[in-house]
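Quick notes on the structure that follows.
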Amino acid sequence: MEEGVPPDPPGDQTIAGEAEGLDRRELKRQLKENERRWTMEGDSEALWEAEHELLIDLQKAGDTDTLMKRARKTKRAVSSRGEARELAQASLGLWVLERFDEAEPVLHVAVQKLPLNRYPWSLLLRELTWERDPAVAMDYIKASLDKVPWRGHALVQLGTLSIDAASKGLVSGDLDVCSDHLVSARKYLEQVPPSPDATDEMRRTAERLLTLVDTLENRMRQASGLEGETTRLALGVVDRSRQYEDDMREAAKASGVSLEGEPDSDMNLEELERIAYQELPDDDREESYTVLEVTPAKGLLRKRKDGK
């Protein structure tokens, strides 16, 4: 692990070795050794990373008892007497067991008690972004910028999340959202190089991300131009359609024809009904009555016998 760069928390497929080929007793021995290192060396990101990988190996080897024992240390870990080692064991045991909701408050305590350790911070942000609005994680980082000693690292994370949100806005066609997040991403990433904790790797990462911001800005401008052209074309189609409709109405008026949907004041309903009745077969010409008008005020009905 490069100095100054936080480790990437291992996922389900990233393990220290082939778990099936490791002896459970050997894995437990390595866990004991890791505990002794905590006592001798003090807390570090490397110890959290080693603990995490060993617990994943144990789970894949079928040993869940060890994970459960660590998960049961939660109450002790979050108490005022909880040590860094216990915070790591409880939170990582719960994490590997995929009890993320229970691991989250333990990680919050770890972040507060271990301000120099970015490993619990990284896990917490992963939990905040999984199956949630990324804005939750972004708000959490922004609220912590003046509290954590790794401001450069936090700014890189904010820039990355902003770029992700901008790309989603571009794909969905919401160019305003895309633009807002790109502005934010540029603001955060440009603050990385002067940060006291910034390493060369962080500066290179920020530079690469700023290049991506430039690329997304160009694509957004292209999309904006295409959108404008599409709108102009659509308006042109509407204008031509309206002109065609007006021309049709003028031609219909000159020809004495009423277009569909237009009222015809000259239409004689009685004459139409009489013609339709005459065209019916003799068997269908039965005597019937049709209500033509109802006057509720007087309750009178005016009726007319069909065919007369």
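The values are calculated or read from the model by the stated rules, or taken from the named source; none is laboratory data. Source: prediction; values computed, not measured. FYI the Cβ positions are ideal-geometry reconstructions off the backbone, even for glycines, and counts take in every protein chain you see. Surface areas here come from the heavy atoms of the whole protein model, side chains and all, with no ligands, DNA or RNA. Shrake-Rupley method; radii C 1.70, N 1.55, O 1.52, S 1.80 Å.
Considering segment 188-209 alone, what residues qualify as being assigned to a helix (DSSP H, G or I) and of a type in the set (Val, Ile, Thr)?
Listed by number, the list holds a single entry, Thr205.
Of all residues in segment 97-117, count the ones that are within 16 Å of Leu47 (Cα to Cα) and either open to solvent by less than 30 Å² (accessible area, probe 1.4 Å) or within 19 Å of the chain's Cα centre (by Cα) (or both).
The qualifying residues number 5.
How many residues does segment 52-80 contain that are more than 20 Å from Asp101 (Cα to Cα) and under 34 Å from the mean Cα position of the chain (by Cα)?
5
Being among the basic types (Lys, Arg) and under 16 Å from the mean Cα position of the chain (by Cα) is the requirement here; does Arg126 meet it?
yes
Quick one: is Thr66 at pLDDT below 90 and among the polar types (S, T, N, Q)?
no
Look at Gln112 and say whether it is among the polar types (S, T, N, Q), part of a helix (DSSP H, G or I) and without any contact (Cβ under 8 Å) to a residue 24 or more places away in the chain.
For Gln112, the condition - among the polar types (S, T, N, Q), part of a helix (DSSP H, G or I) and without any contact (Cβ under 8 Å) to a residue 24 or more places away in the chain - is met.
Look through segment 172-187, keep the residues that are over 28 Å from Arg203 (Cα atoms) and assigned to a helix (DSSP H, G or I), and return whichever of them is least open to solvent (accessible area, probe 1.4 Å).
So, considering only residues that are over 28 Å from Arg203 (Cα atoms) and assigned to a helix (DSSP H, G or I), the one least open to solvent (accessible area, probe 1.4 Å) is Leu175.
Restricting segment 35-51 to residues that are in a helix (DSSP H, G or I) and more than 38 Å from the chain's Cα centre (by Cα), which is surrounded by the most Cβ atoms within 10 Å (Cβ to Cβ)?
Trp38
Does segment 76-96 hold any residues that are part of a helix (DSSP H, G or I) and loosely packed, with under 15 Cβ neighbours inside 10 Å, and which are they?
Arg76
Mind listing just one residue for me: the one in segment 145-171 that is free of Cβ contacts under 8 Å to residues at least 24 places away in the same chain, of a type outside the set (Asp, Glu) and more than 17 Å from Thr199 (Cβ to Cβ) and, of those, least open to solvent (accessible area, probe 1.4 Å)?
Applying the filter and picking the extreme gives Gly169.
Can Asp214 be described as assigned to a helix (DSSP H, G or I) and more than 25 Å from Glu127 (Cα to Cα)?
Taking the combined requirement at face value, the residue satisfies it.
Do you know which residues across segment 195-225 are open to solvent by 50 Å² or more (accessible area, probe 1.4 Å), among the polar types (S, T, N, Q) and in contact (Cβ under 8 Å) with a residue 12 or more places away in the chain?
Scanning segment 195-225 gives a single hit, Ser224.
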